[in-house]
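So the structure is just underneath, and the comments pick up after that.
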Amino acid sequence: MTAIETPCVRICVIDETTGICIGCGRTLEEIGSWMSYTAEERRTVMAGLEKRLSKIADREKA
């Protein structure tokens, strides 16, 4: 069986303002649907996670 790639870092806390997990950067919908996503869909989501997380970090600094 092949392992499914995941950005999860086991810091599962949803930011109330953005609805994004502060650990991995995914939304609750993305987290819940992750297993049913194709490999391409997962890669597409993962490509944008760093930008999402940096927005949260920048907001917290302000």
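The values are calculated or read from the model by the stated rules, or taken from the named source; none is laboratory data. Predicted, not measured: the structure shown is a model, and the values here were computed from it. A quick note on method: Cβ atoms are made from the backbone with ideal geometry, for glycine too, and the neighbour counts reach across all protein chains shown. Ligands, DNA and RNA are stripped out before the accessible areas are found, and what is left, the full protein with its side chains, is counted by its heavy atoms. Shrake-Rupley method; radii C 1.70, N 1.55, O 1.52, S 1.80 Å.
The table below lists the values:
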read-out: Checklist (1) in a loop (DSSP other than H, G, I, E, B); (2) out of contact with any Cys (no Cβ under 7 Å at 6 or more places or on another chain); (3) open to solvent by less than 90 Å² (accessible area, probe 1.4 Å) applied to Glu41, failing item; value: (1)
read-out: Some residue of segment 44-62 being free of Cβ contacts under 8 Å to residues at least 12 places away in the same chain, in a helix (DSSP H, G or I) and of a type in the set (Lys, Arg); value: yes
read-out: Test result for Ile11, over 10 Å from the mean Cα position of the chain (by Cα), hydrophobic (A, V, I, L, M, F, W, C) and not in a helix (DSSP H, G or I); value: yes
read-out: Residue match in segment 19-38 (condition: assigned to a helix (DSSP H, G or I), of a type in the set (Lys, Arg) and at pLDDT 95 or above); value: no
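Here is a yes/no grid of residues against (1) among the aliphatic types (A, V, I, L, M); (2) open to solvent by 60 Å² or more (accessible area, probe 1.4 Å):
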{"site": "Thr2", "(1), (2)": "no, yes"}
{"site": "Gly19", "(1), (2)": "no, no"}
{"site": "Gly32", "(1), (2)": "no, yes"}
{"site": "Met35", "(1), (2)": "yes, yes"}
{"site": "Val45", "(1), (2)": "yes, no"}
{"site": "Lys51", "(1), (2)": "no, yes"}
{"site": "Lys55", "(1), (2)": "no, yes"}
